[in-house]
Each structure stands twice: as structure tokens, then as C-alpha cells.
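Reviewing the structure listed below.
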Amino acid sequence: MEAFVNQLPIGISIGAVLLLIALGLTFTFGQMGVINMAHGEFIMAGAYTAYLLQDLTGRMAVIVALPVAFAVAGLMGLILERTAIRHFYGRPLDTLLLTWGVSLVLQQLARDLFGAPNVQVQAPAWLQGGIGTLPYNRLFIFVLALLTVAGVWAYLNRTGQGRRMQAVMQNRGLAAVSGIDTGRVDQRTFFIGSGLAGVAGVALTLIGPVGPTLGTYYIVDAFLVVVAGGLGSLLGAVVAAAGLGLLNSYAEFWSDASLAKVIVFAVIVAFLQVRPQGLFVLRSRALS
Amino acid sequence: MLSVQGLESGYGRARVLFGISLSVEPGELVCVMGRNGVGKTTLLDTVMGVLPATAGMVAFAGEDVTRLPSHRRVALGMAYVPQGHATFPQLSVLGNLLVTLEACRGPREALEEALETFPRLKPLLKRSAGFLSGGQQQQLAIARALVTRPRLLILDEPTEGIQPSIVIEIEEAIERLHASGMAVLLVEQYLELALRLADRFLILDAGHVVHSGTAADLRQEETRRLLAV
């Protein structure tokens, strides 16, 4: 029982990381259906942004890095969408290959700019230490994940831009004849989804080193969360991330790290056999 | 108001429209008729910019809109209610209307006016559009188009597959809009409805206009033969 209680915060904090890295994908993959393999490299770009900013901004480095990383990664996403991805809408396999290539180019670019070895971002003093088994940096990520989800929810449901985004994703043709500039909405969706990857990247610098392959390490998990949660469903992403985080934490406690990964994958594969559409499906008469 | 000349269009290499010409004058209700698969929906889609025109011209209010994207045509005063009571299913009824209102930067009163046209929607504002009945969805679809305060309303079979009580309401609404001076381009399969509403009609067959005239002409035997199902 004690072990159960001790593993709980660890599981939740893994879930928070998963949620942060998957949140951007609920936009680009969940809403738009674009398989962007370079999403992981936007996470990496966010992490290196935090690395570059740490000497400049001192104590508040993490806080400053969040909006800057959002903008950097968002712009990278916007450029990718404008120059390449938009020509491949409706062609998922081509998009996958294209963005995979972009992902490799970006990784090499990071190697050229920052060197192949990992670099370290020093967590600010106020994030060192912790309560019991729960370190402050994990707590920070948890709070950041909650705030980001709340922000995304409010954006989608309480703003005109968010409403237009939902309209385009639910019925693109109708959105266009309702006077919505769908191309513009696509750009904005991609900017926000990629920007959120940058935010996740900053969070990751608090719990590990930063390297050119940082994104590759997390991209699969991010896709798993989105698929298991149900495409485009915010609630689904939250529940799936929490579930996978807890599962990972307990599996790791009772076995070891690599076996835990196997268990997590096996559970997801089994789950998707039973429910290929994921946890939460957007349902209505029109779609049934 | 709307002028279509020699319009050609289709899907990929399959041509559907072979040089369609038509016009809708301000305040006029023009009905497009014809059997299934003759190109009625393709015509409306091309007029609205959902499909690109491969030849010919679409002009609205004196402006050539042939190459304009759909949302720019909406801004000029064209509104389209596509076939099959299309809505944004996961948005609320109010959300459906608001998203259109915001996209065209219209005044809030436009939304109230649209609801006055279909009072049945008022108690449903918070409901998800996807959970409305087909008839309610169709009323919402038309209300959504009206929110843009269009000068030309384009309707594709607004009464198809809708329960009879609501068909009457929709028909009356179209009649009122027409009477208030709005131009309407209507695709309709029911001859009786077309006879009641239309000022002029045209009949399509295999992507050509095979007959056109006033409502009086439509009553003649010859015309009925062309529409025979």
C-alpha cells in the first residue's frame, strides 16, 4: 500500500509530461489529421530555446523561456505548414515522409549549432528541493500542464478563433461557405500546435538533459496519447496521459524500465483492438 | 445580381457541367430542377466556389467572382445552404450561428433576425447541433446562412428528407425571405413546391440547360415530361 501511494505522484508527473508533449499534437494531428514527424523537433527547439535563454534571464529563466519557446516553435511550425505541408493535405503517407525528412534535417541542424553532446539547463534555485517524494520541478510541470490544458480549453471554447478552428475541423466545406478563411485557420492551428511543442520542450529541460534527439525520444509517446485518447479530444488526451503515466510508473516499480515500456505498449495495443477510435469519440447524429 | 455564363465544371476528368448560363435578378426566386445526377448540386457548388470552374464565368453584383475563394463570395453577400442539413455537429446551435456571424463580422442583430425566421430554434440554442433532428438541423443550416444577411440565398434541396410539418415551415420561411426582397437560387425536386415559390425556373439534363421559363410555363405538359421520374 505504501508503495502504491509513493508511486502515485511519480505516475501523475509522468502523465503531466506526456500531456504537455501530446497537447500540441491534439491540434496538428487530432484536429487537422496531419502526421507531423517533425513535432518532436519542435519540442527540441523549445528545449534549446530555454538553454539559450538561461544565461540571459537568470532566476526567472524558465518563466521567460515558455512564451519565447512557444513563439519559436510556433513559427517553425508555421513555416513548415506554409512551405510544405499544405501542399500535401489529404496525403498522409507523403506528409509522414516529408515531415520525417524535415525532422532529420532539424536534428542535424541542432548538432551543427549546439554540438552532438547533450547540454544541461540549470533548474532555477526556487525549483530545487521538494515535498516528500515529489520534487518541485515535477510539481511545476504538473501545474504547467494543468494551466496549459485550461488555456487550450478556454481558447477552443471561449474565443471566436477557437470556434472557427472547431468549425473548420468539424466540417471544412461548410466552414468555407460560412465565410471562414479556412487556410488562415489551418495556419493558426499549426502555429498553436507547434508552439505548444515548444512549451513542452521547456518543461523537459527541468527533468533531463537537452540533445538533438530529444524529440525523437518523446514523439511516439505523444502520438500514443493522442490516439488512445481519441483524435482531437482534449479530455481524451488528459485521461490517456494520466492513465499512461500511472501505468508506466507502476509497471516500472513492479518490473524495470524496459519491461515497463513493453507493458505499456502491450496495454495500448490491446486497448486499441477493443476501441480503435480511442477513449473519447466526438459523436453526433451527423457522424453516426 | 447573379450572372453565370458558359459555366463548365466537374470532378477530376469527369465533366459534369457543359456550359451552363443563368441569371438571378435582385429579389427574384429562380428554381433549378432536374432528375438526380444531372448536375444541380455541382452547379451550386461551382457558383459558390466549392468546386473550381474549368470554363465560363460567375459574376455577382457586377463583380467577377469566378476565381474568388468561397469565403470571399460570402463576404460579398452570397450565402449557401448545402444539401443534407449540414451543420457543425459538435458546436451548439448558438455556436453554429456565432461562428458564421464572427467570420463575416456581422452585427448581433443579424443573429436575432435569423432566429426570428426559425423561432423553433430559440429553445435549442445550447444544444449540440449534431443532436437535433434532421428538420431542426436544416432550419439551423438556413438560419446560419441568414446570419450573413445575404443578398442572394442559395439553397440545395432544403426540404429533402425532412418531416412534412417542418417542410411547411421551411417553405413559408423561403416565401417570406423572397417577399422581403432577397434573391433566391433554389434547387428543388418537388414540382409542387417549385410551382408555388418560383418566379422563374430552369431544367437541367446531363449538364445542359434544356428548358427555362416562367412558373406559368412550368405547368405545361411538355415541361412535366422533361421532369418525369
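The values are calculated or read from the model by the stated rules, or taken from the named source; none is laboratory data. Remember, it's a predicted structure, so these values are computed and weren't measured experimentally. Cβ placement follows ideal geometry from the backbone for every residue including glycine, while neighbour counts extend to all protein chains displayed. The protein model used for the area step is the full one, side chains on, heavy atoms only, and it has no ligands, DNA or RNA in it. Shrake-Rupley method; radii C 1.70, N 1.55, O 1.52, S 1.80 Å.
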Is it the case that the range A:111-130 has a residue that's part of a helix (DSSP H, G or I), of a type outside the set (Gly, Ala, Ser), open to solvent by 50 Å² or more (accessible area, probe 1.4 Å) and over 22 Å from A:Tyr218 (Cα atoms)?
yes
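Residue by residue, here is whether (1) in a helix (DSSP H, G or I); (2) under 27 Å from A:Ala228 (Cα atoms); (3) at pLDDT below 95 holds:
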{"site": "A:Leu25", "(1), (2), (3)": "yes, yes, yes"}
{"site": "A:Ile35", "(1), (2), (3)": "no, yes, yes"}
{"site": "A:Glu41", "(1), (2), (3)": "yes, yes, no"}
{"site": "A:Tyr51", "(1), (2), (3)": "yes, no, yes"}
{"site": "A:Asp55", "(1), (2), (3)": "yes, no, yes"}
{"site": "A:Met60", "(1), (2), (3)": "yes, no, yes"}
{"site": "A:Phe70", "(1), (2), (3)": "yes, yes, no"}
Identify all residues within the range A:147-162 that are farther than 25 Å from A:Val17 by Cα and open to solvent by less than 40 Å² (accessible area, probe 1.4 Å); write none if there are none.
A:Gly160
Within the range A:72-87, residues without any contact (Cβ under 8 Å) to a residue 40 or more places away in the chain, part of a helix (DSSP H, G or I) and open to solvent by less than 50 Å² (accessible area, probe 1.4 Å) come out as none
Could you tell me which of the residues B:Leu43, B:Leu115, B:Leu121 is more than 14 Å from chain A (Cβ to nearest Cβ), under 24 Å from B:Ser9 (Cβ atoms), assigned to a helix (DSSP H, G or I) and in contact (Cβ under 8 Å) with a residue 12 or more places away in the chain?
B:Leu43
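Here's the yes/no breakdown for (1) touching a helix residue (DSSP H, G or I) at 6+ places or on another chain (Cβ under 9 Å); (2) at pLDDT 95 or above:
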position	(1), (2)
B:Ser3	no, yes
B:Ala14	no, no
B:Leu17	yes, no
B:Val24	no, yes
B:Met33	yes, no
B:Leu43	no, yes
Selection from the range B:124-163 of residues that are open to solvent by 10 Å² or more (accessible area, probe 1.4 Å), among the aliphatic types (A, V, I, L, M) and within 13 Å of chain A (Cβ to nearest Cβ)
B:Leu146
Going by what's in this entry, would B:Glu175 be described as surrounded by fewer than 20 Cβ atoms within 10 Å (Cβ to Cβ), part of a helix (DSSP H, G or I) and in contact with a Ser or Thr (Cβ under 8 Å, 6 or more places away or on another chain)?
no
Just name the residue that is nearest to A:Trp153 (Cα to Cα) out of those in the range A:219-272 that are assigned to a helix (DSSP H, G or I) and acidic (Asp, Glu).
A:Asp221
Within the range A:181-195, is there a residue that is among the small types (Gly, Ala, Ser), free of Cβ contacts under 8 Å to residues at least 12 places away in the same chain and touching a Ser or Thr at 6+ places or on another chain (Cβ under 8 Å)?
no
Given (1) more than 14 Å from chain A (Cβ to nearest Cβ); (2) without any contact (Cβ under 8 Å) to a residue 60 or more places away in the chain; (3) assigned to a loop (DSSP other than H, G, I, E, B); (4) of a type in the set (Val, Ile, Thr), where does B:Val38 come up short, assuming only one miss?
(2)
Return the pair list, or none, for Cβ contacts closer than 9 Å from residues in the range B:196-210 that are of a type in the set (A, V, I, L, M, F, W, C) to residues that are part of a helix (DSSP H, G or I) and open to solvent by 60 Å² or more (accessible area, probe 1.4 Å), at least 6 apart or on different chains.
B:Leu197/B:Glu175
Any hit, the range A:169-178, residues being within 14 Å of another protein chain (Cβ to nearest Cβ) and touching a Leu at 6+ places or on another chain (Cβ under 9 Å):
yes
Residue check, B:Leu22 away from every other protein chain (no Cβ under 14 Å) and open to solvent by less than 50 Å² (accessible area, probe 1.4 Å):
yes
Note on B:Gln90: of the conditions (1) open to solvent by 10 Å² or more (accessible area, probe 1.4 Å); (2) within 13 Å of chain A (Cβ to nearest Cβ); (3) part of a helix (DSSP H, G or I), unmet is (3)
Would you pick out the residues in the range A:34-57 that are in contact with a helix residue (DSSP H, G or I) (Cβ under 7 Å, 6 or more places away or on another chain) and open to solvent by 20 Å² or more (accessible area, probe 1.4 Å)?
A:Ile35, A:Met37, A:Leu53, A:Gln54, A:Thr57
All conditions in (1) farther than 24 Å from A:Gly179 by Cβ; (2) surrounded by fewer than 16 Cβ atoms within 10 Å (Cβ to Cβ); (3) not aromatic (Phe, Trp, Tyr) are true of B:Ala59 except (1)
